Amino acid sequence: QQRGRSLPGAVGALCRALPPRARPAPDTLRCARFDRPQASLDFWRLLYALLKQIHGRKWAESDAIDNQIKFVKAALWYYGYDRPELYRLPSDGSVGSRELLLAFSWLLHRISLSEQLLARNRVKTGDETSVCTCEDDLPSSSKGTTEKAPEHGLEGGVDVRYLQWLNGRLRFQWQSLHAQHQEQCKLLHKIHLFTSGSHIDQILGHFSVTETDLVRQPENYKQLLQLLESETMQLEAFLEWKQLEPVYWQWMETVLDNMAGEGNMCESQDAHVEGSELPKVTSCCPWADSLTGQIDRLSRDLMTLRDQLHKLVTRRKAAWCEKVKTREEELQKEGFSATARKIQERVELKLLDLTYLCALPKKGMHGSRRLVFRSKHPASNVVFGRSVSKESVSTVSATEVIRELQMREASLVRELKQLQEECRQRLDEVAEGLNGVICISP
């Protein structure tokens, strides 16, 4: 009874914790619990709006519903949602509200959907930047994924010219982004320098872009105040949602139990039909008594084949061991010790990398930091981070970030040179096997 009384509050708090433009009605979740078709379109639009905001893209409610459904399915597949029933739903959004409820709940747990939306839609009154010196590893799911080759590419592969074009385009985009970032830093430096000493907070000492805009256009403070009030209510709803979250997951367990019960009922009905038809089939087969003898003969034949395969595998294994032993003797004559030493060095490097990855992670620099101008005044001990005070523990100086990035750059350069040397040696080995071909290194 207590859970039943708290469930409307949990659903309502969850809806209020979502962004205003993509905030669903609590009745949408309740209707989806019973797989009502009228809630399907609303749920497709909800997932489309939320996932668009997560990926930082613009979206409009006037987008075609089939395009919205395609985007939602692609995004769920990207995040690893592999329930086939969802991808079988039609593109008109007529059915499947309960499946969408499951996908929505999975996103809440899998990628912390509500937390990401709060962080992305946060009202920023200060000048902030993202700082990350973590060594990101490629996810295992990305292995085996390749770029789609153009139609004019090589058959069964990707045209090298197309890869070169992609590389050039990527380098151009990075250069443009770097130039824009440098221009932004110059403008921020001017604002922080010209407004130095004007802020009421002596630790900061200068205005941010938002505060400077409010000084120039005071009438915009009403809009900023409305945004802050809306964010405050959303944060209050999020705190309420975190308190009532266990109630929501208990409710989702009942949804899963109902779906499993319906699936078992369908399976039992199919099994009952098959079971009722089986005696009729066996009763009308006069040759059913001879099946036992045929099965026995097949079993004896299979046992004979198994023994023959076992003997064949034993002979092949012995011959392979003899070949390996002969090859080892040849390698010892040709410098087996040097080869073994190289292999041992590679294994030790891999073990060092494994030890580093398995070690306890150090307290690195990661997250959003507020940009604070470094002043020459001794009383103003400000750094590249949040407000410097006794309570603040997340301040990071710009020199420290630069030093960490330089160390990371040097490590990557060493790794690149090692890979280039290995590729050069491999190409030399391949070139030696080509008759009549002369390879000149660049």
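Output the qualifying pairs, or none if there are none: Cβ atoms under 6 angstrom, residues six or more apart or on different chains, first residue in the stretch 14-31 and assigned to a helix (DSSP H, G or I) and at pLDDT 90 or above, second residue of a type in the set (Phe, Trp, Tyr) and open to solvent by 80 Å² or more (accessible area, probe 1.4 Å).
That search, which allows pairs on different chains as well, returns nothing.
What do you reckon, is residue 76 in contact (Cβ under 8 Å) with a residue 60 or more places away in the chain, out of contact with any strand residue (DSSP E or B) (no Cβ under 8 Å at 6 or more places or on another chain), over 19 Å from residue 21 (Cα atoms) and in a helix (DSSP H, G or I)?
No, not satisfied.
Select from the stretch 65-87 the residues that are aromatic (Phe, Trp, Tyr) and in contact with a helix residue (DSSP H, G or I) (Cβ under 7 Å, 6 or more places away or on another chain) and write down the one among them that is surrounded by the most Cβ atoms within 10 Å (Cβ to Cβ).
By that ranking, first place goes to 71.
Give 117, 107, 100, 86 a once-over and let me know the one that is touching a Pro at 6+ places or on another chain (Cβ under 6 Å) and either part of a helix (DSSP H, G or I) or not assigned by the TED database to the domain that holds residue 27 (or both).
Sole residue among the options that is touching a Pro at 6+ places or on another chain (Cβ under 6 Å) and either part of a helix (DSSP H, G or I) or not assigned by the TED database to the domain that holds residue 27 (or both): 117.
Could you check, for the stretch 224-239, whether at least one of its residues is farther than 30 Å from residue 106 by Cα, more than 28 Å from the chain's Cα centre (by Cα) and either of a type in the set (Asp, Glu) or surrounded by 12 or more Cβ atoms within 10 Å (Cβ to Cβ) (or both)?
Within the stretch 224-239, one or more residues are farther than 30 Å from residue 106 by Cα, more than 28 Å from the chain's Cα centre (by Cα) and either of a type in the set (Asp, Glu) or surrounded by 12 or more Cβ atoms within 10 Å (Cβ to Cβ) (or both).
Can you tell me which of 205, 197 is in contact (Cβ under 8 Å) with a residue 40 or more places away in the chain and not hydrophobic (A, V, I, L, M, F, W, C)?
Every option except 205 fails the conditions.
Among residues belonging to the stretch 100-110 that are surrounded by 14 or more Cβ atoms within 10 Å (Cβ to Cβ) and in contact with a helix residue (DSSP H, G or I) (Cβ under 7 Å, 6 or more places away or on another chain), point out the one that is farthest from residue 241 (Cα to Cα).
Among residues in the stretch 100-110 that are surrounded by 14 or more Cβ atoms within 10 Å (Cβ to Cβ) and in contact with a helix residue (DSSP H, G or I) (Cβ under 7 Å, 6 or more places away or on another chain), the one farthest from residue 241 (Cα to Cα) is 100.
Just to be sure before I move on: is residue 372 assigned to a helix (DSSP H, G or I), modelled with pLDDT of 65 or more and surrounded by 10 or more Cβ atoms within 10 Å (Cβ to Cβ) in the structure I sent?
no
In the stretch 30-45, which residue that is of a type in the set (A, V, I, L, M) and open to solvent by less than 10 Å² (accessible area, probe 1.4 Å) is nearest to residue 256 (Cα to Cα)?
The qualifying residue nearest to residue 256 (Cα to Cα) is 32.
Which of the following residues is of a type in the set (S, T, N, Q) and open to solvent by less than 50 Å² (accessible area, probe 1.4 Å): 62, 97, 91?
97
The values are calculated or read from the model by the stated rules, or taken from the named source; none is laboratory data. None of these values were measured; they are calculated from a predicted model. Virtual Cβ from ideal backbone geometry, glycine too; neighbours counted across all protein chains shown. When the accessible area is computed, the model is the full protein with side chains, heavy atoms only, and any ligands, DNA or RNA have been set aside. Shrake-Rupley method; radii C 1.70, N 1.55, O 1.52, S 1.80 Å.
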